[in-house]
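Read through the structure below, which is laid out as structure tokens, and then see the notes.
Quick note: the coordinates plus some simple rules give every number you see, no bench work behind them. For clarity, every value in this text was computed on a predicted model and none was experimentally measured. Quick reminder, even Gly has a Cβ in these numbers, built from the backbone with ideal geometry, and neighbours come from all protein chains shown.
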Amino acid sequence: MTFTLIAFLVLIVIGTPIILALGVSAALTIYIADIPVGIIAQRMYGGLDSFTVMAIPFFVLAGIIMERGGIARRIIDFSVALVGWITGSLLLVATVAGIGMAAVSGSGAASTAAISSIMLKEMRQRGYDIDFSAGLMAAAGTLGPIIPPSIMMVVLATTANLSIGRAFLGGIVPGLLMGVVIMIACYFYAKRGGDAYRDAEPFSLHRLGRAFVAAVPAFLLPLIIVGGIIGGVFTPTEAAAVAAFCGLVISLFVYKEIRIGDLSGIIVRAASVSASIMMIIATASIFSWLIAVQNMPETIAALLHGATQNPIVFLLLMNLLLIMVGMFMEGISAILVLVPVLLPVAISFGIDPLHFGVIVILNLSIGMITPPYGITLYVASSVANRTVLQVSRKIGLPFLLMIAILLLATLLPETVTFLPDLLMPPITSS
């Protein structure tokens, strides 16, 4: 297993795409260990041979339809009516819109791209600090994998054998808390930012009501998805398909911002994104299989139990590891590589697998704003026409407040488990 890990790290360091790094390191190990190479095809097929995994392309399609179909703009209009009267209004609008987009897109990068492409131009015209604004939108975009529905959460639940419905519910409270602390950071930054941030419009209940009515179809989508799963009406895969269909109907016939002729391009883009995710899952399944057959989780568990018997200490060490991993590795890849190793260790410490899973998502989401990888940081910087270094210098305040919520969720498992236990209690055998 040492050879596998070294080969994987070397390939990552020299810039090999993650799909090849996973597959090549595992294949070399299999070849050197004289294991029949046919196991490679078997494990790749086995990694994808799951009805639940089919939810991923449907969620990807739904997210792209929502991004293109005017849903983002209605969410932003509603956010303007809701918080546009407060000091630093556009910063707060971007955060509220980030929460709203997280509840419909399931992707941090998609949320960041949709919001920043609309908001940054207006922020620049009003004299906002564009580096802080871009960093703020990158931070708001990280809520996409936390607040349901979430593609990353689907991958985690499939990998860890968790209920997707309970995993979705587990992300709601930490995700909303992160949104709140980001808004607090915006407000206090704006209070010290000068006159540019004091251009708030007066609150209008009429305007809020009108914006809410226009945004109702967009807000119905997460209710349909999560409510259908919790109520047992849909499986996660069926819920994803329904979300894609409803998003298409809304975009075609309600908002009318997608035409029939646009569908071919949307489907091709969804297929391309889905294929890249599926290939990562397929190659990672070989890697995970090698980890399991060589008893790596048991070895790590024995080492950690020798160092500490305290589950809190283990979780804090895991947080440090995952934050560092998130700086260099894309979230889905990190889940597929690390969860099969760390989950058995967490269970051996008596940690609830759902609590563990949501903590993994929180860490890897925070990693989306930390260079050098930081996908939402890259997206926001690109849209703002600024360098990643310029924007990352202004990300400190939102980053620290998000770390505070991560620690809260780590030390208080109830922040994760309360809603799932209330609305979708686990089935126990009598």
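Observations, loosely collected:
- Label-point separation in nm, residue 213 to residue 327, each point 7 Å along Cα→Cβ: 5.2 nm
- Charged neighbours of residue 215, selected by a Cβ distance under 13 Å, balance to +3 (K, R count +1; D, E count -1).
- Filtered chymotrypsin sites (Phe, Trp or Tyr not before Pro), segment 17-77: DSSP coil and at most 11 other beta carbons within 10 Å: 51
- Pairwise centroid distance, computed over Cα atoms, of segment 221-294 with segment 302-327, Å: 33 Å
- 0 to 90° range, to nearest 10: angle between helix 18-32 axis and the chain longest Cα axis: 0 degrees
- Segment 376-427 and segment 169-220: distance between their alpha carbon centers, rounded to Å: 17 Å
- Rounded to the nearest 10 degrees, the inclination of helix 353-366 to the longest alpha-carbon principal axis of the chain is 60 degrees.
- Cα gyration tensor shape of segment 1-115, rounded if a/c is under 1.5, else prolate or oblate by comparing a/b with b/c: prolate
- Low-density loop positions, trypsin sites (Lys or Arg not before Pro), segment 151-236 - DSSP coil, at most 13 other Cβ in 10 Å: 192, 198
- The relative contact order of the chain, computed from alpha carbon pairs under 8 Å that lie at least 6 residues apart in sequence, is 25 percent.
- Cα-Cα pairs of segment 168-233 separated by more than 13 Å (percent): 78 percent
- Annotation note: trypsin sites (Lys or Arg not before Pro) in segment 294-403 located in DSSP loop regions with a Cβ neighbour count of at most 15 within 10 Å are 393.
- Charge tally in the Cβ shell below 14 Å around residue 130, where Lys, Arg are +1 and Asp, Glu are -1, residue 130 excluded: +3
- Potential lengthening between residue 302 and residue 19 on full extension [0.36 nm per residue; Cα-Cα distance subtracted]: 98.9 nm
- Just so you know, the Cα atoms of the chain work out to an Rg and Dmax of 21.6, 72 Å.
- A simple packing score, the average count of other Cβ atoms within 10 Å per residue, orders the peptides 336-346, 73-83 as 73-83, 336-346, with the highest score first.
- Helix 164-191 and the longest principal axis of the Cα set of the chain meet at an angle near 50°.
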